[in-house]
Amino acid sequence: MANSEKSLASLIADLSRETSTLVRDEVQLAKAEMSEKVDQTASGAVSILTGAFVAFSGLLALLYAAIVVLAELIAPWTTQPWVAPLIVGVVVALVGLGILQSGRKKISAEGLKPSRTIGSFKRDRQVLKG
């Protein structure tokens, strides 16, 4: 009887030690995954800023096109000088919008969720439940 009690006490101590190790490992995993998410957020912010700069450049080109159109109305030329800046402005603005969308996706709530840690916690809970 003493042997089974000692064995039971040993099992309880092992369970306690293993549970403590498991919790520490899970916290380390959560820290590592959140660090990755911070890097992802920074990358998304850089994409948003880059997209904003490119879109602003497109706006400048569109403004240049408006200036050229106004100049044409004032003093008609033989060619259409406003077409090229207008096309360039629209293309640059679309590229900027694409970059902004990419940045938004990188920092969406779903993209920042620590999915590996959540999955690991779920598996651990199922194992502990038996």
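The values are calculated or read from the model by the stated rules, or taken from the named source; none is laboratory data. This is a predicted model, so every value here is computed, not measured. Don't worry about glycine lacking a Cβ; one is built from the backbone with ideal geometry, like all the others, and counts go over all protein chains shown.
Key figures
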| quantity | calculated |
| --- | --- |
| Residue that is at pLDDT below 85 and farther than 30 Å from Glu26 by Cβ, where the choices are Leu112, Leu94, Leu100, Leu59 | Leu59 |
| Residue in the range 1-20 that is at pLDDT below 85, basic (Lys, Arg) and loosely packed, with under 12 Cβ neighbours inside 10 Å present | yes |
| Residue check, Val27 of a type in the set (Val, Ile, Thr), assigned to a helix (DSSP H, G or I) and modelled with pLDDT under 80 | no |
